[in-house]
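Working notes for the structure below.
None of the figures in this text is laboratory data; all of them are computed from the coordinates on show. Since this is a predicted model, take the numbers as computed values, not measurements. Glycine also receives a Cβ, built like all others from the backbone with ideal geometry; neighbour counts cover every protein chain displayed.
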Amino acid sequence: MFLPVLNVHASDRPGCNKWFMPDEGEPHKRTWMAFIASYNIWEERQVPEVQRNLADIAKTIAKYEPVSMLVRKKDYDIAVRLIGGVDEHRYPIELIEFNMNDLWVRDTGPTFVINEKGQKSAVNFNFNGWGEDQDHELDAQVADFVAKTAGAPTIRTDLILEGGCFEIDGHGTAIMSESCILNDNRNPNKSKKEVEYELKKLLGLEKIIWLKGIKGKDITDGHTDFYARFARPGVVIVSRDTDKSSHDYKITRENIDILQSSTDAGDNSLNLIIIDTPWDINTRFGTKDFAAGYVGYYVCNGAVVMQKFGDKKADAAARQKISKAFPNHRIEQIAIDGIASGGGSIHCTTQQEPKA
C-alpha cells in the first residue's frame, strides 16, 4: 500500500531548515537501483554487460543491506535470471515494475532527507535529462515513484539538478560543481546566491565549496561525484587524472587546489586523499565515454563497493587508500566495465535511503 505524497516547497514547509541529508555512510534502510539498459541509448555490445554489472552491484550490496530495484516488465525475467533466487547469505533484492528511460538512479531518484524528530522526506530535483541531453520523460517520474513507494513525503523545489551534482559530509558542508548546477541548461536566470540559499535549506547545509567543473565534455557537465567525495567530515577523497590528453587532467588538479585552500562549515582545513586514475582499462565495450576513476564508490552498511579496471597497480593502490579512509568497512572491489563505458560508476547506479 502506498502512502499519499505530500507535495511541499522547501521555502514553504514549516521548520524546513531542520531537514538535512545524512552522510552516505550513516545507516541505510535500503539501497535503490534500476535494472535497465535500453538499446536506443546503449550500444548493442554494451547492453548485456550493463545488465550483468547492475546485477553484480545489487548482489554485492545485498550482502550488507536490502536492495529495491526498479525494472521494466520486458526486462523482469532477465533481472530474475541474473540476480538469482533467495540467498541466505544476502538481504533480499526486491524487484519493482516501473517503466524508465535509463539506469542512473543517483540522478533520477529522490534525495532522502531527515529531521531531528526522525521523520523522512524526499527531495525531487526535477530531473531534465542533464539539461535536455537525453530522453527523460519516464525518468522524470522516478523520484516521485520512489518517494511514494518508500512512504516519504515529497519536498518540491524550483531547482533542477541531479544527485551526482553534490557531495555532502552530513555535518553542514557540501562540495558542488558550478558547471552542472549553475548552468543555463538546468537553472537559467538563477544566481549562485539564490541557488545556495535553496540548497542550504533543502539539504541542511551551512557551507558550499564550489568546484568549477567543466561544461559540455560529458553528458553530466562535470558531476561532483566523479571528482571528490567525503569519506567523513574533514576528509575528502579526490580523483587525479593521469592522462594528459584528457580534459579532466587540468580540471582534477584545479579541484585539488580549490579543496586544499578550502575549509568546512566548522572552519577546519580539509585532509585530501588523492587517488590517481588507471592507465589500463577494458576497451571491449567502448572508450569514448569511459569513466575511469575510483571516486565513484558506494558506501553501504558496513562496506564500500568500489570499482576495479584491470590495471593491477592502480586498482591495488586505490583499494589501499579507500580501505585506509574507511577502516571499519569491508572493501568490495568489482568490475563494471559496461557501465563505465557509458560514463558511469557504481555510485551513479545507486541511491541510499537512510534509516529514519
Query raised in the report: For the pair Asp158 and Val235, how long in nm is the line joining their label points, each one 7 Å along Cα→Cβ?
Result: 4.1
Requested in this report: Quick one: which residues, 5+ away or cross-chain, put their amide H under 5 Å from the amide H of Gln351? H built at 1.01 Å from N.
Outcome: Trp32
Report summary line: Given 25 °C, 0.890 mPa s and a Kirkwood radius over Cα pairs, the Stokes-Einstein diffusion coefficient of the stretch 8-354 in µm²/s is 122
Report task. For Asn101, list long-range residues whose amide hydrogen, built 1.01 Å from N in the peptide plane, is under 5 Å from its own amide hydrogen. Result -> Leu138, Asp139
Requested in this report: Output the pairs from Lys217/Lys250; Lys120/Lys324; Lys18/Lys200 with a Cα-Cα distance over 20 Å in this structure; if there are none, say none.
Outcome: Lys120/Lys324
Query raised in the report: Among bridges DSSP assigns within the stretch 8-354, what percent are antiparallel (round to 5)?
Result: 40
Requested in this report: In whole Hz, with x marking every Gly and Pro, tabulate ³J(HN,Hα) for the stretch 291-299 from phi via Karplus 6.51 cos²θ - 1.76 cosθ + 1.60, θ = phi - 60°.
Outcome: 9, 9, x, 9, 6, x, 7, 10, 9
Query raised in the report: Taking the alpha-carbon centroid of each part, what is the distance from the stretch 53-85 to the stretch 247-278 in angstrom?
Result: 35
Query raised in the report: Which residues make up the longest stretch of the chain that has no chymotrypsin sites (Phe, Trp or Tyr not before Pro) in a DSSP loop with at most 16 other Cβ atoms within 10 Å?
Result: 40-278
Query raised in the report: Which residues make up the longest stretch of the chain that has no GluC sites (Glu not before Pro) in a DSSP loop with at most 13 other Cβ atoms within 10 Å?
Result: 207-356
Report summary line: What helix-only [θ] at 222 nm does the chain give? Using -39500 (n - 2.57) per DSSP H run of at least 4, over all residues, to the nearest 500, the answer is -7000 deg cm²/dmol
Query - Residue-span extension gain [Lys190 to Thr287] - 0.36 nm each, minus C-alpha spacing - result: 31.4 nm
Report summary line: Interchain or sequence-distant (5+) residues whose placed amide H lies within less than 5 Å of the amide H of Val113 are Ser121, Ala122, Val123
Query raised in the report: Using 7 Å Cα-to-Cβ label points, what is the Ile219/Asp77 separation (nm, one decimal)?
Result: 2.7
